[in-house]
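Just so you know, all these numbers are worked out from the coordinates, no wet-lab data involved. Bear in mind that the values here come from a model prediction, so they are computed numbers and not experimental data. As a convention, Cβ positions derive from the backbone with ideal geometry for all residues, glycine included, and neighbour counts pool all protein chains shown.
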Amino acid sequence: MLRDTFNEAAELYDRARPSYPPALVGELARVACLGPESRVLEIGPGTGQLTHALAGFGCHITAVELGDAMASVARRRLAGFPRVDVRHAEFERWPLPAAPFDLVACATAFHWIDPAVRVEKAADALRVGGRLAVVVTHHVAGGTTDFFARAQDCYERWDPATPPGLRLRPSSEIPSDLEEFRNCPRLGDVTVTRFEQDIPHTADQYIDVLLTYSGHRALDSTRREGLLACVRDLIESGHGGRVTKRYLHELIIATRVTP
């Protein structure tokens, strides 16, 4: 499965993936009233990009990670937070503890969870009044726009799954998908708040980021190496060795409203 490919590059993932905007973390902490008494369940923490930020509020965190290598890196990264417990398990099969949580969080991983399970089980895990927070990350137009337009030629040449003429869209054209949260009868007060961030990358840094994406890792070695060489040449020859990428992060929050 594609979701298993991240585990093959846990150390690279930890080094290359950008952290979440402080404003997003602050808004999540504010809405969830995070503090030392808060009980948090995080689904798919990866190597702890969001976990580390949430742990700074002193809360108790149980982080359930599918990949054993990812969980191992997360434990090392979070060793300074004794209230964080990283579990290696598949969330869909992981037995929920008897005590409910104040917050269930999932950052850039919710789409990998079985859609027949994810919202209902998250609601199961919450106390009445508790929050479900899902961060959805989009690649959007912005940053070094000329580079990303030209990079599509590399993808069309080397990745047969790339639709011709595909271009990044501005964040204003990205619709929010809240239907599955609104369709859960135990959840209500569904809101979405948007945060953009521009991340600068050297050629090496950008190639490292690409190597953490499941679609790139799933390519056969010839196609992957050809694609990455093409992208690297664009950065080095056309943009002085540095490009900036824009991300849109949506913070979706829903409240458990019924028992």
Condition check for R39: under 25 Å from R246 (Cα atoms) and of a type in the set (D, E, K, R): no
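Among the listed residues G26, G35, G67, G58, identify the single one that is of a type outside the set (K, R) and at positive phi. Break it down into steps so the answer makes sense when it comes.
Working: G26 fails: at positive phi; G35 fails: at positive phi; G67 fails: at positive phi.
One residue alone meets the criteria, G58.
Being in a loop (DSSP other than H, G, I, E, B) and farther than 23 Å from L126 by Cβ: is that true of A69 here? Give the steps one after another, and end with the answer.
On the way: in a loop (DSSP other than H, G, I, E, B): no; farther than 23 Å from L126 by Cβ: yes.
Criteria not met by A69.
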Residue count, the stretch 28-66 (criterion: assigned to a strand (DSSP E or B) and of a type outside the set (D, E, K, R)): 8
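Applying the selection to the stretch 125-170, what residues are among the polar types (S, T, N, Q), surrounded by fewer than 19 Cβ atoms within 10 Å (Cβ to Cβ) and in contact with a Ser or Thr (Cβ under 8 Å, 6 or more places away or on another chain)?
Residues of the stretch 125-170 that are among the polar types (S, T, N, Q), as a first pass: 137, 144-145, 152, 162.
Now narrow it down to the ones that are surrounded by fewer than 19 Cβ atoms within 10 Å (Cβ to Cβ): 137, 145, 152, 162.
T137, Q152, listed by residue number.
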Members of the stretch 124-153 found to be assigned to a helix (DSSP H, G or I) and either under 20 Å from the mean Cα position of the chain (by Cα) or under 19 Å from R246 (Cα atoms) (or both), listed by number: T145, D146, F147, F148, A149, R150, A151, Q152
Answer residue from the stretch 180-228, given it is among the hydrophobic types (A, V, I, L, M, F, W, C) and part of a loop (DSSP other than H, G, I, E, B) and is nearest to A32 (Cα to Cα) among those: C184
The lone exception for A229 - which of (1) among the hydrophobic types (A, V, I, L, M, F, W, C); (2) surrounded by 14 or more Cβ atoms within 10 Å (Cβ to Cβ); (3) more than 15 Å from Y13 (Cβ to Cβ) it fails: (2)
